[in-house]
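Asker: Could you have a look at this structure, given as structure tokens, before my questions?
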Amino acid sequence: EMALKMDRWMRDYANLVAKNYPEANPDASGGGAAGGMGFALQTFAHATLLSGVQMVLEETRLKEYICDADIVVTGEGCLDSQTAMGKAPAGVARLAKFYGKPVIALSGCVMKGARACFQCGIDAFFPILQSPVTLVKAMNPEHASENLTATAEQVFRLLSITQR
């Protein structure tokens, strides 16, 4: 209920600004990010918004690595429907698909809406948790590393038996 009120307030604010700044575009891509920060920067600072994942992919020259890869592995802490809306794994998957590469995502947890990730090019995803643990323990770097390693091993064991 509170989120709906806040959305309404932000929409009213954007409409008020648009009346005084004809070039303001409340519906511009990225304008709603970070609580409307994108809209404010575009309107008042005449900023150009760029996709964060696109910048990272270009700066790391990831396409050079993907071109030579047999399979691409990506992931994030929590895979959900928002992942497919431009987060890093979606950007990596789209780039991999451009080069015809299969994509696997490994994640700390997988939420109900994660199936949306199939639309952006992720072919399969796997949660890495090996057993129920507290969030604090799950996010402990050593514990997370052990879980990630164990899950990756099982995924690639499965792939190896399918290629026999």
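The values are calculated or read from the model by the stated rules, or taken from the named source; none is laboratory data. What you are looking at is a predicted structure, and each value in this text was computed from that prediction instead of being measured. No Cβ is skipped: glycine too gets one built from the backbone with ideal geometry, and neighbour counts run over all protein chains shown. Note: accessible area is taken over every heavy atom of the protein model, side chains too, but ligands, DNA and RNA are not part of it. Shrake-Rupley method; radii C 1.70, N 1.55, O 1.52, S 1.80 Å.
Asker: Any idea which residue in the stretch 43-83 is modelled with the highest pLDDT, counting only those that are within 17 Å of Gln119 (Cα to Cα) and open to solvent by 50 Å² or more (accessible area, probe 1.4 Å)?
Answerer: By that ranking, first place goes to Val73.
Asker: For the structure I just gave you, tell me whether Gly121 is at pLDDT below 95 and of a type in the set (Gly, Ala, Ser). So that I can check it myself, show each step before the final result.
Answerer: Values: at pLDDT below 95: no; of a type in the set (Gly, Ala, Ser): yes.
No, not satisfied.
Asker: Taking the conditions exactly as written (buried (at least 16 other Cβ atoms within 10 Å of the Cβ), within 24 Å of Leu57 (Cβ to Cβ) and out of contact with any His (no Cβ under 9 Å at 6 or more places or on another chain)), does Pro127 satisfy them or not?
Answerer: So Pro127 fails the test.
Asker: Looking at Asp12, Asp27 in this structure, which one is of a type in the set (D, E, K, R) and under 24 Å from the mean Cα position of the chain (by Cα)?
Answerer: Numbers: Asp12 fails: under 24 Å from the mean Cα position of the chain (by Cα).
From the options Asp12, Asp27, the qualifying one is Asp27.
Asker: Okay, next question. Among the residues of the stretch 140-164, how many are without any contact (Cβ under 8 Å) to a residue 40 or more places away in the chain and either in contact with an Asp or Glu (Cβ under 9 Å, 6 or more places away or on another chain) or hydrophobic (A, V, I, L, M, F, W, C) (or both)?
Answerer: Total satisfying the criteria: 5.
Asker: Now a separate question. Any idea which of Ala152, Ala116 is touching a strand residue (DSSP E or B) at 6+ places or on another chain (Cβ under 9 Å), in a helix (DSSP H, G or I) and either among the aliphatic types (A, V, I, L, M) or farther than 16 Å from Gly75 by Cα (or both)? Walk me through how you get there before you give the answer.
Answerer: Details: Ala116 fails: touching a strand residue (DSSP E or B) at 6+ places or on another chain (Cβ under 9 Å).
So the residue among Ala152, Ala116 that is touching a strand residue (DSSP E or B) at 6+ places or on another chain (Cβ under 9 Å), in a helix (DSSP H, G or I) and either among the aliphatic types (A, V, I, L, M) or farther than 16 Å from Gly75 by Cα (or both) is Ala152.
Asker: Of the conditions (1) in contact with a helix residue (DSSP H, G or I) (Cβ under 9 Å, 6 or more places away or on another chain); (2) surrounded by 12 or more Cβ atoms within 10 Å (Cβ to Cβ); (3) at pLDDT 95 or above, Glu146 satisfies every one except a single condition; which number is it?
Answerer: Of the numbered conditions (1) in contact with a helix residue (DSSP H, G or I) (Cβ under 9 Å, 6 or more places away or on another chain); (2) surrounded by 12 or more Cβ atoms within 10 Å (Cβ to Cβ); (3) at pLDDT 95 or above, the odd one out for Glu146 is (1).
Asker: Something else now. Go through the residues of the stretch 2-11 one by one and say whether even a single one is assigned to a helix (DSSP H, G or I) and either touching a helix residue (DSSP H, G or I) at 6+ places or on another chain (Cβ under 7 Å) or within 21 Å of Ile104 (Cα to Cα) (or both).
Answerer: Let us first name the residues in the stretch 2-11 that are assigned to a helix (DSSP H, G or I), namely 2-11.
From the residues that got through so far, the ones that are either touching a helix residue (DSSP H, G or I) at 6+ places or on another chain (Cβ under 7 Å) or within 21 Å of Ile104 (Cα to Cα) (or both) too are 10.
Among the residues of the stretch 2-11, at least one is assigned to a helix (DSSP H, G or I) and either touching a helix residue (DSSP H, G or I) at 6+ places or on another chain (Cβ under 7 Å) or within 21 Å of Ile104 (Cα to Cα) (or both), which makes the answer yes.
Asker: Here are Arg157, Arg164: which of them is part of a loop (DSSP other than H, G, I, E, B) and over 21 Å from the mean Cα position of the chain (by Cα)? Show your work before the answer.
Answerer: Details: Arg157 fails: part of a loop (DSSP other than H, G, I, E, B).
Result of the check over Arg157, Arg164: Arg164.
Asker: Next question. Name the pairs whose Cβ atoms lie under 9 Å apart, with the first residue in the stretch 85-109 and surrounded by fewer than 17 Cβ atoms within 10 Å (Cβ to Cβ), the second of a type in the set (Val, Ile, Thr) and in a strand (DSSP E or B), and 6 or more positions between them or separate chains?
Answerer: Filtered contacts from the stretch 85-109: Ala88/Thr74; Tyr99/Val72.
Asker: Looking at (1) surrounded by 15 or more Cβ atoms within 10 Å (Cβ to Cβ); (2) modelled with pLDDT under 95, which one does Asp27 not meet, given that it meets all the others?
Answerer: The number of the failed condition is (1).
Asker: Which of the residues that make up the stretch 54-102 are out of contact with any helix residue (DSSP H, G or I) (no Cβ under 7 Å at 6 or more places or on another chain), acidic (Asp, Glu) and outside any helix (DSSP H, G or I)?
Answerer: Result: Asp68, Asp70.
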